[in-house]
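For reference, the structure discussed in these notes is given below.
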Amino acid sequence: MSLRDQVAIVTGASRGIGRAIAVRLAREGVRIAGLARTRETLEETARQVESAGGKMTLYPCDIAETGPVATAIEEIARTWSRVDLLVNNAGITRDNLLLRMKPEDWDLVIQTNLKGAFNTCRAVLRPMLKQKYGRIINITSVVGVVGWPGQTNYAASKAGLIGFTKSLAKEVASRNITVNAVAPGFIVTDMTSNLSEEIRSEALKTIPLQRFGQAEEIAEAVVFLASDSSSYITGQVLQVDGGLAM
Ligand code: NAP
């Protein structure tokens, strides 16, 4: 089955990796529903999707909020009569050493990165079960695999997302729905642009390919997991990290 005319929900589509995923999927002919909090930057992604020959509808909302996410996904399913692909990409960091970490920064990261995926997956399962087809791709992080100082909240959310991916994969495999994760390493986006020069050069030393990755390189992995080429793969974590966590 070609990806053409499939319907994909991409969270965090307004910037960085999510924008690259939306544009790359659009190039395959996939119709995109983009979720993020900021309408203006979602509109810029929609323009780039159109330039790639595609179409993206916008659903500004906070993925941590169960009700608005469910409403948005119900509307998407009603509009397109199906949802083939969900890419859980939206995520945040609030870094600090554990001793200095504020409880609200712990909560916000877990609510966004982990509960966000719970909210979207729960809402998308109804149409996917009905159509007996679906692909769910969760963007986790190498930090969820190997840990990183100053990121206990983020690492916990991303490691949690890996366990979530495997458990859900087992729940829905019999319904022809696959659930996989992509674990990026250090990728050039807003998220990494504010890292200090010291952290950047320390990080670089840990990457065998000796460079940060590009958002487009994550999008390629997503297209693979969305396509028929990966039809017998479920519950896996594909690391796209220049060899950082091998
Ligand atoms: P980014 O440039 O900071 O973009 C984050 C995206 O998530 C934005 O579109 C943002 O849009 C959206 N978002 C954040 N909080 C949200 C919320 N509560 N509700 C809805 N949307 C929300 O980050 P990125 O680097 O592209 O990261 C994308 C994903 O890859 C994240 O899950 C991140 O953890 C993961 N990742 C990134 C790297 C890296 O090196 N960059 C490495 C490993 C994993 P709004 O602000 O408009 O809501």
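The values are calculated or read from the model by the stated rules, or taken from the named source; none is laboratory data. What you see is a predicted model; the values in this text were computed from it and never measured. Here the Cβ positions follow ideal geometry from the backbone for every residue, glycine too, while neighbour counts run over all protein chains shown. Only protein heavy atoms, including side chains, enter the accessible area calculation; ligands, DNA and RNA are left aside. Shrake-Rupley method; radii C 1.70, N 1.55, O 1.52, S 1.80 Å.
A few comments on the model shown:
- A full extension of the chain between T66 and K166 corresponds to an added length of 33.8 nm, given 0.36 nm per residue minus the alpha carbon distance.
- Extension gain, E50 to E220: 0.36 nm times the residue separation minus the Cα-Cα distance gives 59.3 nm.
- Amide N of region 223-246 lying under 16 Å from the label point, which is placed 7 angstrom from the Cα of V146 along Cα→Cβ: 238-246
- Surface composition of region 110-246: carbon plus sulfur atoms hold 55% of the accessible area, using a 1.4 angstrom probe and ignoring ligands, DNA and RNA.
- Extension reserve of the R211-E75 stretch, reckoned as 0.36 nm per residue once the Cα distance is removed: 44.9 nm
- With Cα atoms, 0 to 90° folded angle of helix 39-51 axis to the chain main axis: 60
- Helix 66-80 and the long axis of the chain differ in direction by around 40°, with both axes built from C-alpha atoms.
- The residues R47, R135, R19, sorted by heavy-atom accessible surface at 1.4 Å with ligands and nucleic acids left out, run R47, R19, R135 from largest to smallest.
- Computed FRET value (nearest 0.05) for E43 with V188, which takes r as the C-beta separation and R₀ as 25 Å: 0.65
- Per residue, in Å², the accessible surface of region 115-223 once ligands and nucleic acids are set aside, probe 1.4 Å: 46
- Placing dummy labels 7 Å off each Cα toward the beta-carbon, the span from D107 to R175 is 3.2 nm.
- In this structure, the pairs whose alpha-carbon distance is over 20 Å, taken from K115/K166; K130/K158; K115/K158; K132/K170, are K130/K158.
- Förster radius 41 Å - calculated FRET efficiency between S196 and S2, Cβ distance, rounded to 0.05: 0.35
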